[in-house]
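Presented below is the structure to which this report refers.
The values are calculated or read from the model by the stated rules, or taken from the named source; none is laboratory data. Every value quoted in this text rests on a predicted model; they were computed, and no experiment measured them. In this analysis, Cβ positions are derived from the backbone assuming ideal geometry, glycine residues included, and neighbour counts consider all displayed protein chains. With ligands, DNA and RNA removed, areas are computed over all heavy atoms of the protein, side chains included. Shrake-Rupley method; radii C 1.70, N 1.55, O 1.52, S 1.80 Å.
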Amino acid sequence: RESLLDEKDKIEEKNEKLLSEIDKIEDKKHNIELNNQKFEVQMANHKAVLDTLKNKFEEYKGIKIEIEITKKPEAIEQEIRKIEDKIIELGNVNMLALEEYKKIEQQYLKIESQVKVLESEKNDVLKMIEEIESRKKHTFIESFNGVSKSFESLFSQLSPDGWGKLVLENAEDPFSGGIEIEAKPRGKKVMTLNLLSGGEKTITALAFIFAIQESKMSPFYVMDEIDSALDKENSKRLAVLIEKYSSESQFIVISHNDTLIGSADRLIGVSMDAKSGESKIVGIKMPN
């Protein structure tokens with residue numbers, strides 16, 4: 001997913017550069033189009049004036065006209081200068097404008113095609129990311145439901161007449177929140193995990209661990225004095241549960257509890273030699 005996101009960022013960066021080039025080309029193209037329109041309008045005006053004059057000349061073709069000059073030479077020169085100034089304002093006519101326009105248009109169409117390809121690739125990457133997210137969510141919800149169901153069953157075994165359940169903080173978007181554990185030990189109201197006593201927290205945690213074990217088994221578990229906060233009855237229930245799962249996984253339990261010790265297959269202890277003061281490891285295989 002991270003690789004796809006990096007590829008997406010690169011595509012978007014390249015896309016932005018191409019779009020910037022397109023904007024520059026479009027500006028240049030727009031200026032050329034404006035100049036062409038300006039020249040075309042001027043040419044059309046000149047042609048219209050010329051056609052009108054030609055038509056008028058045709059009417060008087062063959063007729064001798066005596067022209068009487070009524071304006072002074074100074075006034076005529078002033079009008080000539082005005083006309084010359086207007087011609088200067090028009091500027092030079094770029095005879096290569098059409099050729100340049102076609103060249104830039106080809107570049108624009110090429111870049112536009114590249115942008116469309118990048119947009120298509122970007123959409124494909126986003127679609128793939130969306131599919132991965134959907135499958136990830138589906139897998140998580142499926143696993144969560146299985147663990148939640150096992151947790152409820154195991155909690156009632158460890159705490160008869162009580163119940164517990166797993167709750168998603170955000171059911172719509174489970175990855176934006178966590179998981180809450182609600183428990184109701186026998187004779188008590190519903191509480192969250194941080195309000196439970198030490199023994200109740202131990203039962204809840206063990207129910208959760210074994211629920212995960214049912215979903216995805218591990219080859220062995222190491223438990224360090226998990227029964228320290230349990231009374232004798234709860235210790236018996238824990239011993240029965242560990243014995244049940246020991247057929248599928250190996251359990252190494254560090255304990256001083258007689259109930260758990262009595263249900264073990266093997267005992268491993270450490271004793272100190274009274275004479276030498278050295279520690280020795282002693283192993284005992286319990287009878288079936």
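Pairs meeting the criteria (first residue in the stretch 33-55 and within 14 Å of residue 86 (Cβ to Cβ) and free of Cβ contacts under 8 Å to residues at least 24 places away in the same chain, second residue exposed (fewer than 10 other Cβ atoms within 10 Å of the Cβ) and not hydrophobic (A, V, I, L, M, F, W, C), beta carbons under 9 Å, at least 6 apart or on different chains) are lacking. In the stretch 261-275, what residues are acidic (Asp, Glu) and closer than 30 Å to residue 245 by Cα? The answer is 265, and nothing else. Screening residue 239 against (1) farther than 22 Å from residue 146 by Cβ; (2) of a type in the set (A, V, I, L, M, F, W, C); (3) assigned to a helix (DSSP H, G or I); (4) open to solvent by 50 Å² or more (accessible area, probe 1.4 Å) leaves a single unmet condition, (4). When residue 118 is tested against the conditions (1) under 27 Å from the mean Cα position of the chain (by Cα); (2) within 30 Å of residue 234 (Cα to Cα); (3) surrounded by 15 or more Cβ atoms within 10 Å (Cβ to Cβ), the lone failure is (2). Taken as a whole, the structure places residue 133 among residues that are open to solvent by less than 80 Å² (accessible area, probe 1.4 Å), at pLDDT below 90 and in a helix (DSSP H, G or I). In the stretch 254-288, how many residues are open to solvent by 50 Å² or more (accessible area, probe 1.4 Å) and either closer than 27 Å to residue 197 by Cβ or touching a Pro at 6+ places or on another chain (Cβ under 7 Å) (or both)? Of the residues in that region, 5 qualify.
To keep it simple, each residue is scored yes or no on (1) in contact (Cβ under 8 Å) with a residue 40 or more places away in the chain; (2) more than 30 Å from residue 30 (Cα to Cα).
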site	(1), (2)
99	no, no
107	yes, no
116	no, no
136	no, yes
139	no, yes
144	no, yes
155	yes, yes
169	no, yes
174	no, yes
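The residues listed here are 24, 17, 28; of these, the one that is open to solvent by 100 Å² or more (accessible area, probe 1.4 Å), touching a residue at least 60 places away in the same chain (Cβ under 8 Å) and either aliphatic (A, V, I, L, M) or under 23 Å from residue 107 (Cβ atoms) (or both) is 28.
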